[in-house]
Amino acid sequence: MIDIAYNLSISNWTVSSTNDVRTEFIELATCLSLNSPNDNCYIKFYDPHSDSILNQSLIQVRGNEIVKGDPVIINISVGDVTDNVMTAGVISVDLSFGQVMIFGSTNSQNLTNSYLNQTYENQSMSQIVKDMADQGGVGTGVMEIGSDYPYFVVHESKSVWQYCRELAHRDGLDLYFDTGNKLTMEKFNKSSADHVFTYGQDILDLQLNSHQTPKEQIRVYGESPASNQGPDTWHWIVKDISPFQGEVGNGTKMLSIQDGALRTKDAADNLAKAKFGAMKDQSVWGRLKILGNPAVNLMDAIEIKDAPRGELNGLFKVTSVRHLYSKQKGYVTFIGFSGHGGADAGGDLAGNF
């Protein structure tokens with residue numbers, strides 16, 4: 001039998017399966033998703049003698065004050081493998097007779113609540129995103145450079161999160177917070193599995209949805225395109241923009257996109273590829289329930305094997321990870337996935353939009 005263990009830290013209070021002699025811990029759940037600001041977690045534990053809320057504290061646990069924004073670190077071990085499944089900040093507390101639930105969220109909430117009025121000149125996508133994240137008090141992790149923007153305007157009509165998401169998707173990148181609570185932007189480029197899940201061994205439940213892509217062709221128009229004259233001519237106006245538009249695919253079902261932030265043909269091409277790739281990627285999506293596995297992360301490639309229906313087998317991209325661990329029900333992991341065949345099958349068009 002494989003041993004399962006946990007180590008939870010909230011502010012200065014820590015509880016783990018090795019020293020939880022009073023069985024304080026009852027249940028925990030974490031949820032991380034690509035391109036979503038709704039990452040969250042909760043920890044439920046037994047504490048019949050919680051003190052009243054004092055001063056700026058949300059609550060006191062075993063003499064330790066817990067306030068809004070305090071770090072929440074959740075580690076889970078299965079056998080010899082220990083992984084940090086989520087790092088968050090406290091956002092609220094729910095009290096009842098004998099039980100306490102502490103809720104947390106990633107720094108995505110900082111970005112959704114931040115609004116700026118600012119302009120950027122001659123900066124890359126990653127430079128713009130890092131600066132906006134820094135102003136929102138958010139750390140960054142892996143950041144692909146992305147397209148260059150001769151001129152980009154940030155206005156308070158949209159949140160910083162919305163601007164980051166739009167910038168990432170113009171280059172076919174996924175935007176998310178990693179398990180260390182760092183804002184990350186990268187492209188899925190894996191063609192082999194990080195994890196293999198076998199029917200009859202690891203898989204408890206599986207659902208897959210496949211549908212036809214709604215469009216066969218994507219055409220993108222930017223504003224004042226003049227990349228053939230160099231990046232410094234972004235402000236020029238041309239009479240015929242057809243040589244400067246971005247286009248991918250072929251067919252009668254066409255989607256036209258106008259985006260004033262795109263000042264070069266290269267940028268228009270990137271958006272066309274990203275949008276078309278996202279449609280292909282999301283034409284196959286599913287949900288997988290497995291025996292608890294803390295090593296599964298967003299953007300991992302998973303392979304499903306030996307399912308009784310051949311259509312259920314294949315290589316997919318992880319788009320969401322939810323861990324549920326309780327002393328009563330044990331430990332399971334729910335995985336959201338999309339695509340079919342990895343980056344190679346997408347023809348360098350894999351994306352999420």
What are the residues in the range 70-114 that are outside any strand (DSSP E or B), within 19 Å of Asp178 (Cβ to Cβ) and not hydroxyl-bearing (Ser, Thr, Tyr), if any?
-> Asn107, Gln109, Asn110, Leu111
What number of residues within the range 169-186 satisfy the criterion of being modelled with pLDDT of 95 or more, part of a loop (DSSP other than H, G, I, E, B) and surrounded by fewer than 22 Cβ atoms within 10 Å (Cβ to Cβ)?
-> 3
How many of the residues making up the range 117-158 are surrounded by fewer than 18 Cβ atoms within 10 Å (Cβ to Cβ), touching a helix residue (DSSP H, G or I) at 6+ places or on another chain (Cβ under 6 Å) and assigned to a loop (DSSP other than H, G, I, E, B)?
-> 2
Starting from residues that are touching a strand residue (DSSP E or B) at 6+ places or on another chain (Cβ under 7 Å) and at pLDDT 95 or above, keep the ones in the range 92-116 and report whichever is surrounded by the most Cβ atoms within 10 Å (Cβ to Cβ).
-> Thr106
Hey, could you check the range 293-310 for residues that are surrounded by fewer than 19 Cβ atoms within 10 Å (Cβ to Cβ) and within 18 Å of Tyr199 (Cβ to Cβ) and say which is modelled with the lowest pLDDT?
-> Gly310
Across (1) part of a loop (DSSP other than H, G, I, E, B); (2) at pLDDT 90 or above, Leu54 clears everything bar (2)
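The values are calculated or read from the model by the stated rules, or taken from the named source; none is laboratory data. Predicted, not measured: the structure shown is a model, and the values here were computed from it. Note that each Cβ is placed from the backbone with ideal geometry, even for glycine, and that neighbours are counted across all protein chains shown.
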